[in-house]
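J.: Okay, handing you the structure first.
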Amino acid sequence: MEKLQLHGFNNLTKSLSFNIYDICYAKSEQQQRRYIEYIDEAYSAKRLTQILTDVTAIIGAEILNIARQDYEPQGASVTMLISEGHDGAGVISNTEAPGPLPEAVVAHLDKSHITVHTYPESHPHNGISTFRADIDVSTCGRISPLKALNYLIHSFESDIVIMDYRVRGFTRDISGQKHYIDHEITSIQNYIADLTADRYQMIDVNVYQEKIFHTKMILKDFNLDNYLFETDKDALSSDERLAIQKQLKQEMAEIFYGRNYKLRR
């Protein structure tokens, strides 16, 4: 693709925001507390800082500043001020293709930022516990946050992923003409690796003329063993397993579709 000659800095802002959800069943109040403690340790501010450091490398940016905080009783936040890398001109790519998976992390952010906030919580009555991570990657210039999608999805235990990508503002070329986007995109899904896409059911809601792209993902396969915390499936009766499975599936459906449902008996 022929390079676009710009008049000054590329002023387009590219923002990727998404929520990642992990759902589980913790039977007793004590098990729910231990699940929250487990999540709090697994996704501490220190761990989140490493994940975001890897993200900056993937998208070709440099870290300018880091602020991080663990919270009581639970949760953590990390904010990074980032900039476009000075030595990444040859490797930055916004082509509509998947970025690397976690084992293939290669790279570095400026005038931009990355934030992550975690929200572990539990249902007050039925044993369902939910961990949510809100991640925002906002970049200016040529770098795009979309290349970090695969790494982020695989860095968390993602049952449901809800993503929004938007390009805002404009940049001007040397003739004075404004450009409102600097790369082709038809769907966020095109930046997700086949290995990941095969595991999820995905829905798009895109507003092309406004440069707004929305994708929701939910795991296709359901295995009760993957959702029980400190509970042995064999120790549950068939009725208990069926009831827990219904509760878990309802929780996932409500999050995915953004509405509450009555549990069918």
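The values are calculated or read from the model by the stated rules, or taken from the named source; none is laboratory data. This structure is a prediction, so every number in the text was calculated from the model and none was measured. Every residue, glycine among them, receives a Cβ derived from its backbone with ideal geometry; neighbour counts consider all protein chains shown. The area values use the complete protein model at the heavy-atom level, side chains included, leaving out ligands, DNA and RNA. Shrake-Rupley method; radii C 1.70, N 1.55, O 1.52, S 1.80 Å.
J.: With the dipole of the stretch 169-224 worked out from charges on the C-beta (+1 for Lys and Arg, -1 for Asp and Glu) around the Cα centre, which of Asn190, Gln177, Phe222 lies farthest toward the positive end?
T.: So the residue we want is Gln177.
J.: Just checking my list (1) 0.94; (2) 1.11; (3) 1.00 against Cα Rg over 2.2 N^0.38 Å computed from this structure; which label fits?
T.: (2)
J.: Give me the percent of accessible area attributable to carbon and sulfur for the chain, probe 1.4 angstrom. Spell out each step's value before the answer.
T.: Details: 6610 of 13830 Å².
Percent of accessible area from carbon and sulfur atoms in the chain: 48.
J.: With every protein chain present, what is the per residue accessible area of the chain (1.4 Å probe, Å²)? Walk me through the intermediate numbers first.
T.: Details: 13830 Å² over 265 residues.
The answer is 52 Å² per residue.
J.: Could you sort the peptides 158-165, 181-188, 221-228 by per-residue average Cβ neighbour count (10 Å cutoff), highest mean leading? Display every interim value, and only then the final one.
T.: Values: 158-165: 22.1, 181-188: 16.0, 221-228: 13.9.
With the highest mean Cβ count within 10 Å placed first, the list reads 158-165, 181-188, 221-228.
J.: Let me ask you something else. Please get the size of the charge dipole for the chain, origin at its Cα centre, with Cβ charges of +1 on Lys and Arg and -1 on Asp and Glu, quoted in debye to the nearest 20.
T.: 760
J.: Got a sec to turn the phi values of the stretch 121-132 into Karplus ³J(HN,Hα) couplings, 6.51 cos²θ - 1.76 cosθ + 1.60 with θ = phi - 60°, whole Hz, x for Gly and Pro?
T.: 7, 9, 5, x, 10, 9, x, 7, 10, 10, 10, 10
J.: Amide H of Phe170: which non-local residues (sequence gap of 5 or more, or other chain) have their own amide H closer than 5 Å, using H built in the peptide plane?
T.: none
J.: Can you give the convex hull volume of the alpha carbon atoms of the stretch 110-157 per residue, in Å³?
T.: Values: hull volume 3.6 nm³, N = 48.
Taking the convex hull of the Cα positions in the stretch 110-157, it is 75 Å³ per residue.
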